[in-house]
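To start, the structure itself, in structure tokens.
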Amino acid sequence: MTPLDDLFSTDESRAEAQLEKVVTLNPIDISDFPNHPFKIRQDEAMAEMVDSVKQYGVLVPALVRPKADGGYEMVAGHRRKCAATLAGITEMPCIVRNLTDDEATIIMVDSNLQRETILPSEKAFAYKMKLEAMKRQAGRPSKENLRPLDTNLIGTRSDEQLAKDSPDSARQIQRYIRLTELIPSILDMVDNGKIAFRPAVELSYLSKEQQQSLYDTMECEDCTPSLAQAIKMKEFSRDGKLSAEVILSIMQEEKPNQREKPAFRDERITRLIPKSIPRGQETDFVIRALEFYNRHLQRRRDQER
């Protein structure tokens, strides 16, 4: 049945309603994009943006879409919205565009991938969201596309298209998406640089229980896995043999770059080592300090003779 409003509206007015338009909205009235994967950090860049908004207002319009139940949802411009809110600004320009869920997801991801600094977890969930949206848009594969669709989504047309529009290769994108299988505590370690990217990808194949056991072991032993150790745990997990004891045994293995560089456990020594000394170089620092002390002591003895 034709909506009542359409019965009393002209073709011109209906066409005009579909056009994009810039409106002024209060940032607190714009809801965030569901499951937005990009974090808004209260860092120096945000402080500068807040100062700019206080002085000049929001200069670049955000992109929003109308919500079915009324109001608007942010698609691109979450940082501008945050800056406006912190600056106490009650009005910001927004482009209103009618978008489907998948269209909005793709635009949201693309607009944020232009950032200079992106955390591994942000890329991981963003790539996953966009790839799923692209696959829904593409629908079922044609008969010409005879490649099977496996659980990692490798080899699909959407996967290849995503790589063309992204700074990463299709294989690298799949590695990022694997990170979404990590438990939050381990994923945080990846974001903080405590676990390297490639070992993290291998760890994503462990079950949640095994990952938690690994995290507890890392906390207790104050260590993180190398790529070789991560691969070994993945293989044990695949064979159904990765227990907490096996994880501890693997993590206690000596890494090549740790040989002849023992960690100091004596607090009387560790408290004298400057915080600026990189981890793993404490022994070299202590040796240089002792050599300097011995040279100084020898000079004093020579002067007393």
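Just so it is clear, none of the values below were taken in a lab; they were calculated from the coordinates. Here the structure is a predicted model, which means the values were calculated and not measured. Don't worry about glycine lacking a Cβ; one is built from the backbone with ideal geometry, like all the others, and counts go over all protein chains shown.
General remarks:
- Computed P(r) (all Cα pairs; the stretch 160-204; 5 Å bins; percent): 5, 24, 28, 18, 14, 9, 1
- Computed on the Cα atoms alone, the convex hull of the stretch 19-147 gives a volume of 129 cubic angstrom per residue.
- Pairs from the table (Lys194/Lys234; Lys39/Lys67; Lys135/Lys232) lying more than 26 angstrom apart at Cα are Lys135/Lys232.
- Packing-based ranking of 91-98, 40-47, 63-70 yields 91-98, 63-70, 40-47, ordered from highest to lowest mean Cβ neighbour count within 10 Å.
- Within the straight-line cut-off of under 13 Å between alpha carbons, the aspartates and glutamates reachable from Lys54 are Glu91, sequence neighbours fewer than 8 places apart in one chain being disregarded.
- In nm, spacing of pseudo-spin labels at Ser31 and Asp216 (7 Å Cα→C-beta vector): 3.9 nm
- Theoretical gain in end-to-end length, Thr117 to Lys21 [0.36 nm per residue, Cα-Cα removed]: 31.5 nm
- Alpha-carbon centroid distance for the pair the stretch 66-130 / the stretch 196-239, whole angstrom: 34 Å
- Here's how it looks for Leu25: its modeled amide H is under 5 Å from those of Met92, Cys94, which are all 5 or more places away or on a different chain.
- In this label model, Gln303 and Asp101 are separated by 7.9 nm, measuring between points 7 Å along each Cα→Cβ vector.
- Residues of the stretch 106-121 with an amide N closer than 20 Å to a point placed 7 Å from the Cα of Asn192 along the Cα-to-Cβ direction: 118-121.
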